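Just so it is clear, none of the values below were taken in a lab; they were calculated from the coordinates. Note that the structure is a prediction, hence the values are computed from the model and not measured. Neighbour counts are summed over all protein chains in view; Cβ atoms, including those assigned to glycine, are modelled from backbone coordinates with ideal geometry.
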Amino acid sequence: MDREFLIDLFADFGPVAIRKMFSGYGISVDGINFALALRAGLFFRADEVTIPAFEAEGSKPFQYSTRAKIVLVNSYWELPARLFDDSEELAQWARVALAAAQRAKVKKRPRKKATATKAVAKKRPAKKATKRKLR
């Protein structure tokens, strides 16, 4: 999938940002990534609310292989192939995927920044060197 194809594919959904990511593209709205276009296909963000719809369509979660194992990414599910021919329904699925991505963003806790007010670790006094007797 190239950039122009993706722009056309999401035309009924609305404007999206498409950025290079891994071996394909990340697709986002207002900085929230809700889809991945990779060699393996097009994957939409999913959560406990939306996964049953993907399962009902026979879709599978995104997965990739490492040297040691196969990693299953349950937060992105393959878009049902029939939606490539139905841009209006694809737009509905995209809205649902964006909502799932927004819910996931709310669940994440913001990382705490390191502050100068944290307690400074106390230094231990240096041990005195002991002389070894040579025999």
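Here are the numbers:
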read-out: The lone exception for Asp47 - which of (1) in contact (Cβ under 8 Å) with a residue 40 or more places away in the chain; (2) on the phi > 0 side of the Ramachandran plot it fails; value: (2)
read-out: Filter result for Ala11 (outside any helix (DSSP H, G or I), under 15 Å from the mean Cα position of the chain (by Cα) and either under 14 Å from Leu83 (Cβ atoms) or in contact (Cβ under 8 Å) with a residue 24 or more places away in the chain (or both)); value: no
read-out: Subset of the range 26-56 (residues that are surrounded by fewer than 16 Cβ atoms within 10 Å (Cβ to Cβ) and assigned to a loop (DSSP other than H, G, I, E, B)); value: Asp30, Gly31, Arg39, Ala40, Glu48, Val49
read-out: Residue within the range 17-24 that is on the phi < 0 side of the Ramachandran plot, surrounded by fewer than 14 Cβ atoms within 10 Å (Cβ to Cβ) and among the hydroxyl-bearing types (Ser, Thr, Tyr) present; value: yes
read-out: Filtered residue count, the range 75-84, keeping only those that are polar (S, T, N, Q) and farther than 9 Å from Arg45 by Cα; value: 0
read-out: Scope the range 14-25; condition part of a strand (DSSP E or B) and not aromatic (Phe, Trp, Tyr); matching residues; value: Ala17, Ile18, Arg19, Lys20, Met21, Gly24
read-out: Residue that is assigned to a loop (DSSP other than H, G, I, E, B), more than 12 Å from the chain's Cα centre (by Cα) and aliphatic (A, V, I, L, M), where the choices are Ala68, Ala91; value: Ala68
